[in-house]
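Shown next, in structure tokens, is the structure this report addresses.
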Amino acid sequence: MDTTADALETTAVNTPRAARRPRLPASAQAWLFLTPALLLLAAFTFWPVLWGSYLAFTEYKVITPPEWVGLKNFEELFADEVFITSVKNSLLYLLIVPFIQLGALGLAVLVNNSLPGIKFFRAAFYVPVVTSVSVVGIMWGWMYNEQGLINAVLQWLRVINEPVGWLTDDRIALYAVMFVTMWRGLGWYMVLYLAGLQSIPKEVEEAAILDGANRWQRFWRITVPMLAPTILLCSVLSTLAAMKVLEEVLILTQGGPISSTFTGLYYAYDMGIRSFNFPRALAASLVVSVFCILIAWLNFKFIRPRHR
């Protein structure tokens, strides 16, 4: 008996103190680690969204308590021709998504080769992504100027006879801004596609080569299916970015000429920051959010990979 007691005492002494502490269940440990991030999300994301959505249905002037007015702000919103133009422009902006995706995928395939100096080209294509938006505004403002580089080159090539007002002609200003958005986005999506391409096992393609598949067949039968999750991610991100475009409009045209480059989010910015009409701005933001959710759902429905 004494021997057993001595053995138990010896085991207790030799066991590390941390091992003898009661451990929390795995689920409790997970929630413990998630709690700080969830608190931050609740304070800076969930609560502002919920409060802003509520204010969209009120009459609110900051210095007075909000007063519930139902759908009045939305009725005024859809009666405003500028907002209707803004929504149309936001939907028109989605036209750049296929060009961005195809261009980024093509660039990723090109820079995925092991060639001398390929890292330089990868960095060069990514430069627009890290360029400050103010620098982008100055550069493209000068290039789009009637006395700027683009008109000078086109006149030298005899493509045009007179300078074109790229940012002052209401018929083409939106397309000029869309081109800048596409230029800024190509490098970002190229990097995502490049990561997807480099994750495809080389053994799969080597087996296809042994089976006699040519480059085109390998691209469509192996690369595209295995790249489907990346294509879905890039499609969702680019469509949402197109619907929420603001910076390019702000730095290049400020919505002009004649409100022809207003987008949904720029309309909300204009109402909230310039006109201090916060309920109208929040109502516009809510409508843009609904469009974003709908477009993201369509992406998941039609581009979602068929296999896992």
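What the table shows:
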item: The range 158-204 - residue that is small (Gly, Ala, Ser) and crowded, with 19+ Cβ neighbours inside 10 Å and, of those, nearest to residue 260 (Cα to Cα); result: 173
item: Among (1) farther than 30 Å from residue 206 by Cα; (2) open to solvent by 20 Å² or more (accessible area, probe 1.4 Å); (3) of a type outside the set (Asp, Glu); (4) modelled with pLDDT of 90 or more - the single one residue 239 does not satisfy; result: (2)
item: Those residues of the range 181-217 which are among the hydrophobic types (A, V, I, L, M, F, W, C), touching a residue at least 24 places away in the same chain (Cβ under 8 Å) and more than 30 Å from residue 89 (Cβ to Cβ), in sequence order; result: 194, 195, 197, 200
item: The range 36-85: number of residues that are among the polar types (S, T, N, Q), assigned to a helix (DSSP H, G or I) and more than 20 Å from residue 268 (Cβ to Cβ); result: 0
item: Filter result for the condition that a residue is over 26 Å from residue 128 (Cα atoms) and in a helix (DSSP H, G or I), over 249, 287, 236; result: 287
item: Residue count, the range 100-117 (criterion: loosely packed, with under 15 Cβ neighbours inside 10 Å, farther than 15 Å from residue 195 by Cα and not aliphatic (A, V, I, L, M)); result: 2
item: Residue match in the range 267-281 (condition: within 24 Å of the chain's Cα centre (by Cα) and either in contact (Cβ under 8 Å) with a residue 40 or more places away in the chain or under 19 Å from residue 110 (Cα atoms) (or both)); result: yes
item: Some residue of the range 89-96 being within 16 Å of residue 186 (Cα to Cα) and open to solvent by 60 Å² or more (accessible area, probe 1.4 Å); result: yes
item: Single residue of 261, 230 found to be open to solvent by less than 60 Å² (accessible area, probe 1.4 Å), under 19 Å from residue 144 (Cα atoms) and β-branched (Val, Ile, Thr); result: 261
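The values are calculated or read from the model by the stated rules, or taken from the named source; none is laboratory data. These numbers come from a predicted model, not from an experiment. When we count neighbours, we look across all protein chains shown, and the Cβ atoms used for this are built from the backbone with ideal geometry, even at glycine. For accessibility, only protein heavy atoms count, side chains too; no ligands or nucleic acids. Shrake-Rupley method; radii C 1.70, N 1.55, O 1.52, S 1.80 Å.
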